[in-house]
Every structure is written in structure tokens, then in C-alpha cells.
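Chemist: Got a structure for you, questions after.
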Amino acid sequence: MKIRSTPLIALGAVSLLALAGCAAETEVDTVGNGNDDQKNVTLAVFNGWDEGVAVSELWKAILDEKGYNVELEYADVAPVYEGLSTGDYDLTMDIWLPDTHGEYLETYGDEITDLGAWNNESKLTIAVNADAPIDSLAELAENADLFGNQIVGIEAGAGLTAATEDRVIPSYGLEGMEFTTSSTAAMLTELKAATDAGENVVVTLWEPHWAYGSFPIKNLEDPEGTLESVESLHSFGSADFSEKFPKASGWIEGFEMDLETLYTLEEDMFVDYDGSDYAPIVAQWIEDNQEYVDGLTS
């Protein structure tokens, strides 16, 4: 009996270990202190979109202080949508609607969660130096040579790039101008070089962006309404975001930030500071705006 019972006992022990292993695999760290949200949050940030960088760094600081462990993951637009839809990313905070990211929402909208708009004042623009001899896109074609026959764009896959190619250029007969695309950083470098040299320049841009406070530029009027839609900036989560992070979901759903407030944060991070470690800059901004920040999680 003893000889035969030994393997049974062993088998029982193995079964218990297997069950314990399964439990360990499914156990998820929570924030604690009365907060049952999962602790680890992966927040995806679009490369080169500074308003998204700013609010993402802000919410990383806020959530980390509340006991979460937030990891920022930088990626291009399409991979962010794909990652949200598969659950590889939990959250992103810079989705532009209805136009800029409309096509992505047609593809991924049923697989991700809209957590609401935090700003309703944003728009796509075509900007020139403030002392340029024109004020409207309708004047650009006949004065193209004054701008080196070039429109300086941003990333090739950006919604602003598509809007410029599909609507702005054909509507205003700008096919004779070279439309260059590379990156937001490259566009800003061209803008700075033209400003320093006192030369005319045309760039694709958007509001909000700290460039409006750093360079003498103006938006060209758009009488054909090719970029007339005012955009809303939304936060989106994975399909199960509200289940995994119910408390954080409520905070983010209630998040609002007007352009004036956003510009102060962007200026501190991107204009007055020349580094890449934004944590101390954001910490100081939070201290300077403590009442507003406290209200985001009250």
C-alpha cells in the first residue's frame, strides 16, 4: 500500500504545483491602497507629436505618483493603432478626430475604446513666416517662386500629409510645388533655418504646437475649406482598458486641457529645455500648476 500510494501522493503534489503555477501566471499586480487597477500601464506615444509627448509625460507622472508603473512606448501612428487593437498597448492620448485619424478609426474603431476628448480646439494648418507677402493659400501658386517652390511637410504617413496631398494641393493648384516629407523634426529644422536666414518658408503644421510661440509665423487662410475642420484630441485605450484600469479610466475620461494650459507645458518641455529627460521639467510644471493637476484625479 505504501509503495502504491507514493506516486499518488507525488501526483497530487504535482497537480497542486501545477495549479499554483497557473494561479501565479494569472495573478496580476494591482496598485493597492484601495485601488484595484492593474499596476502596469503601457502608454503609446506617437513619434514627433509634441502635444502627445507632453500630455503622456504628464499622465505618466500623475499615475506613477498614484502607485502605477507607467511605461512610455514611442511608435509611429499605424503601429500604435495595431498595438492598441491587440492589447500590446494599453493607452494612447493623441488621437485626432474626426479627420486626421479617421481612416484608422474605420479600421480599428471596434477593437479599441474611446476615452473621450481632452481638447476641442485643435486644427491642421499651412503656415508661413509672419512677414511673408501672402496671407492665403489662394495666393501661393502664383507666388511659389518666392518660397523656393517648396512646401515642407512632416511624416509621409501623417494625416496632415494626406490632407495636404489630397485636398490642399489640388484645390489650390499647387502641383508645381515640391511637397517634401520626412519628419516633424526635419520640418522644424527647415523652419528655424529659414527664420534665422530671413527667408520665406511654407510648412505643414498644426495647432496646438509650441512652434507658434517660438517662431514668427502665421497660418495661411483657407478659403476652400480644405483644412477647416476643428479637430478634437482624444485618449483611446485597448478594448479592455476600462476593465483593467477602472479608476484610471475615470480620471482620463474626465481629463480636459485647453490650449493655453497645454502651451505652457510644451514651452517648458520643448522651448525652454534642450534635453530629453522630461521628468524633472514635468515635475516642476506640476508643482507650478498643482491645483489644476490635483483636480485631474479628484
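Chemist: Checking Asp50 against (1) surrounded by fewer than 16 Cβ atoms within 10 Å (Cβ to Cβ); (2) out of contact with any strand residue (DSSP E or B) (no Cβ under 9 Å at 6 or more places or on another chain); (3) within 26 Å of Ser276 (Cβ to Cβ): exactly one of these is not met. Which one?
Modeler: Status for Asp50: all satisfied but (1).
Chemist: Okay, moving on. Is one or more of the residues making up segment 54-67 modelled with pLDDT of 95 or more, polar (S, T, N, Q) and within 16 Å of Asp277 (Cα to Cα)?
Modeler: Yes, segment 54-67 has at least one match.
Conditions (1) buried (at least 23 other Cβ atoms within 10 Å of the Cβ); (2) among the aromatic types (Phe, Trp, Tyr); (3) within 23 Å of Ala185 (Cα to Cα); (4) in the same structural domain as Gly159 (by TED's automatic domain parsing), marked per residue:
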| site | (1), (2), (3), (4) |
| --- | --- |
| Leu58 | yes, no, yes, no |
| Leu72 | no, no, yes, no |
| Pro79 | no, no, yes, no |
| Gly83 | no, no, no, no |
| Tyr108 | no, yes, no, no |
| Leu115 | yes, no, no, no |
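Chemist: Looking only at segment 210-253, filter to residues that are outside any loop (DSSP other than H, G, I, E, B) and within 17 Å of Asp135 (Cβ to Cβ); which one of those is modelled with the lowest pLDDT?
Modeler: So the residue we want is Tyr212.
Chemist: Further, regarding this structure: Name the residue that is surrounded by the most Cβ atoms within 10 Å (Cβ to Cβ), counting only residues in segment 177-205 that are touching a helix residue (DSSP H, G or I) at 6+ places or on another chain (Cβ under 6 Å) and farther than 10 Å from Gly153 by Cα.
Modeler: The qualifying residue surrounded by the most Cβ atoms within 10 Å (Cβ to Cβ) is Val201.
Chemist: Quick check, is Asp294 without any contact (Cβ under 8 Å) to a residue 24 or more places away in the chain, part of a helix (DSSP H, G or I) and either farther than 20 Å from Ala117 by Cβ or of a type in the set (Val, Ile, Thr) (or both)?
Modeler: yes
Chemist: Looking at (1) more than 19 Å from the chain's Cα centre (by Cα); (2) surrounded by fewer than 20 Cβ atoms within 10 Å (Cβ to Cβ), which is the only condition Asp222 fails?
Modeler: Of (1) more than 19 Å from the chain's Cα centre (by Cα); (2) surrounded by fewer than 20 Cβ atoms within 10 Å (Cβ to Cβ), only one is false for Asp222: (2).
Chemist: If we scan segment 130-146, do we find a residue that is without any contact (Cβ under 8 Å) to a residue 60 or more places away in the chain, closer than 19 Å to Gly198 by Cα and in contact with a strand residue (DSSP E or B) (Cβ under 9 Å, 6 or more places away or on another chain)?
Modeler: Yes, there is a match, as at least one residue in segment 130-146 is without any contact (Cβ under 8 Å) to a residue 60 or more places away in the chain, closer than 19 Å to Gly198 by Cα and in contact with a strand residue (DSSP E or B) (Cβ under 9 Å, 6 or more places away or on another chain).
The values are calculated or read from the model by the stated rules, or taken from the named source; none is laboratory data. Not measured: the values here are computed from a predicted model. For neighbour counting, all protein chains shown are included, and Cβ atoms are generated from backbone atoms with ideal geometry for every residue, glycine included.
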